[in-house]
Structures are given as structure tokens and as C-alpha cells.
1. For residue 375, are the conditions met, namely being at positive phi, more than 23 Å from the chain's Cα centre (by Cα) and surrounded by fewer than 17 Cβ atoms within 10 Å (Cβ to Cβ)?
2. Given 80, 87, 91, which one is more than 23 Å from residue 160 (Cα to Cα), in contact (Cβ under 8 Å) with a residue 24 or more places away in the chain and part of a helix (DSSP H, G or I)?
3. When residue 27 is evaluated against the numbered criteria (1) loosely packed, with under 13 Cβ neighbours inside 10 Å; (2) modelled with pLDDT under 90; (3) out of contact with any helix residue (DSSP H, G or I) (no Cβ under 8 Å at 6 or more places or on another chain), which criterion, by number, is the only one it fails?
4. If you check 128, 118, which single one turns out to be over 21 Å from the mean Cα position of the chain (by Cα), without any contact (Cβ under 8 Å) to a residue 40 or more places away in the chain and not in a loop (DSSP other than H, G, I, E, B)?
5. Do the conditions hold for residue 261, that is, is it buried (at least 22 other Cβ atoms within 10 Å of the Cβ), modelled with pLDDT of 95 or more, more than 22 Å from the chain's Cα centre (by Cα) and in the same structural domain as residue 63 (by TED's automatic domain parsing)?
6. Tell me yes or no: at least one residue of the range 319-335 is free of Cβ contacts under 8 Å to residues at least 24 places away in the same chain, farther than 22 Å from residue 405 by Cβ, outside the structural domain of residue 400 (by TED's automatic domain parsing) and assigned to a strand (DSSP E or B).
7. Which of the following residues is under 30 Å from residue 393 (Cβ atoms) and modelled with pLDDT under 95: 293, 297, 343?
8. Is it the case that the range 32-40 has a residue that's modelled with pLDDT under 90 and either within 30 Å of residue 135 (Cα to Cα) or in contact with a helix residue (DSSP H, G or I) (Cβ under 8 Å, 6 or more places away or on another chain) (or both)?
């Protein structure tokens, strides 16, 4: 599980009918032509960079990660991949021309497999090509299995401002069940070093693990909180299609036990001074993830790297892109044609897409933000809003809407009210 990747879009069912000719992904004139939406401005823009390799594919992982196995013992193709990323970003510039980037997230895979010198070069290329805010948040995902003394400090010196560490558990039995390459001692050492090197860092923790009890979940969380992290992302283990766990499902706690774990997680994090601000995110004041908040608030993001997703807004439409998934094919095509698919989000799908993420936020959203970021009138939201209010799943005061406690407990049901007919 990875901090930045909770925000994938669950696409509505495909409609029947003729498929329009797909324009070239970088055809700015095509995306700027007149249309039915009326976006009054562009939302904040973030940059996601995907580094696809890892030491070992975890059995629960359905993201675009690839085990690095070279029988000749060759090192990662860092420079070739960095060349491809720069070419991809440069070819994408017309789509974001003149816009400032407020956050960068380097995800994977396991980005900390890349050397600090490679990360330094990567961020140098980003600064050379885009208008990066002076105080931009720059996050790097790291795993304890790739931890070395002083490595995290070197990432900080390269320009990374925030580290996200994929701990998942401090229990060796649970780590083995999850197929992790690190053990509990390595996890503790990595977190201690992150706390020394970074003012802001995140711990990824999972619960409802195979064989886990409420007491075991509490022990894991107390260990994590003992490091006084500014931010924790805590995820329920889910069995995703096309994973090893989907083929060979482990025995996991019953739903009632998992709910009890979540209640205890919320109690303990609150007592430790971390406020829950999103379904799976807890932070101290001033340490919320700016990059992930941009996803949840339907901001724009350009994704570069193998399998990366983009969502970009223009005056009359919202467009999504997906890069080719295979790393070697991506490197071959990066300069000219790295995009595997491009789609203009249908007008009827926009309410669901907006609510899919914004309803994960405990603070909810402003109705004016919905109109500003989708280009739709409030009437497009009204049928689902009326039902959600009647069912007690949403609360409304003035311009502001937020999920109730009941709405968070039945979040999928709440989000489904906004699916297109």
C-alpha cells in the first residue's frame, strides 16, 4: 500500500455507442476548443513521478511495480529512466504552460532504490523545466528494506522535504505474511533516521492483517506513535483483483473486528495529538499532506513515469491520461508517445469523480468549489445531494457539505448516490 495511491478513480461503466477518434495526447488546441463545461479557473497543479521498480512484489499490491531482477547483476537503469522522465516532462509542458507546481510526489515501486544522486538529478530536471513553488512539498516514498545509514539525509540534501515510509507493521509475523522485504528492527531503524533527517514524514501502517488481533493492532500503533510522527496513513488491508492475495486469499479478521481496530486507531491517534482529516490520514497541525489533499479536492496533477496517471483541467473540459505501464517500453517511447490512453471525462461522470475523493475528507467541500472545479451548475449535484441528506449521510450548512459519522461508515454507499444514470 502506498500513501499517494488511494486516489485512483473508479470509473463508471462504459457507455454504449460510437467511440470518437482519440486526439494526440499533447494536442493543446484540441483540449482548448469550445465545450459544454465552464471552468472559471484552473485548480492547483501537482506533479507525480513514478519510479516503477521494487525489490519484491508484495502479494497484496496491485500498483504498477516491477521486481528488479537482472541475472547479470546489473544496476537499475537510473540514468536511462531519468532521461525518459525528463523527455516526458518536456513533451508535456504545453499542457501546463505557465502554471506553477505546488507539490511533487515521487512514488513507486520503491523510489528509495534510486540513489540520492539520481533523486538530486531528477529534482534538478524538474526545477529546470517547470515553475516549482519556492515552498513546494516534495515527497519521496521509501521502504525500510532499502534503508542505509545516511541515505535519508542524502535525500533531504537532494531537495526532498517529506519522506513517506512504507512500514506497514512492526510485527515480524505480519511483515512475513505481507511479503515485505524488511523486518521489525529495520523498520524501527528507518523511522528513527527519518525523524532525525526530516521535519515532516509519514508512516504507512496497515491493519486487519492476516492473524492480527485487536491487541496486536494496538501494539503496532503504539509502536508507531512512540516515534511521534507528524503524519500517519493507516489502511485496511484489502484484497485487490489480479494480486497473489486474490488468487490465494489469506484469512483476515472479521468485519466487526476490523471496525473495532479502526475505532481504537482513531482513539489512540487522537490522544497522541494527530487529528483524522481524511478517511485514512492522521496528522499533527501543519503536517497534512498537501499533495494528497490536492487529489482529494479534485486538483490537477501531471503524472510522468511508467503507468502514471494525469488529470488536467482546461476551460471547457477535464482530461485524463495514462502512461504506458511497461518500464522498458516507456523508456523507448517517452520523448514522443508515452501515453497509452487519453480520455475527456464525460460531463455526466464529473459529479461522481468529484465526490469520490472529496467525500473522503472529514471537512468535506464547498459547493462553490464543486462548480469551480467541474464547470457544472449545482443542479448536477442536486439529486444525489438530496438523497444523501435524507439518509443522514451528509450534512449541509450554507455553502459547505461534509460527510456525517454515518456517511463515513457507509462511504461507498454515499459515493454511489452520485454515479451517473
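1. Here the answer is no, as residue 375 does not meet what is asked.
2. The unique qualifying residue is 91.
3. (1)
4. 128
5. So residue 261 fits the description; yes.
6. For the range 319-335, residues free of Cβ contacts under 8 Å to residues at least 24 places away in the same chain, farther than 22 Å from residue 405 by Cβ, outside the structural domain of residue 400 (by TED's automatic domain parsing) and assigned to a strand (DSSP E or B): present.
7. 343
8. For the range 32-40, residues modelled with pLDDT under 90 and either within 30 Å of residue 135 (Cα to Cα) or in contact with a helix residue (DSSP H, G or I) (Cβ under 8 Å, 6 or more places away or on another chain) (or both): present.
The values are calculated or read from the model by the stated rules, or taken from the named source; none is laboratory data. Please read all numbers here as calculations on a predicted model, not as lab measurements. A quick note on method: Cβ atoms are made from the backbone with ideal geometry, for glycine too, and the neighbour counts reach across all protein chains shown.
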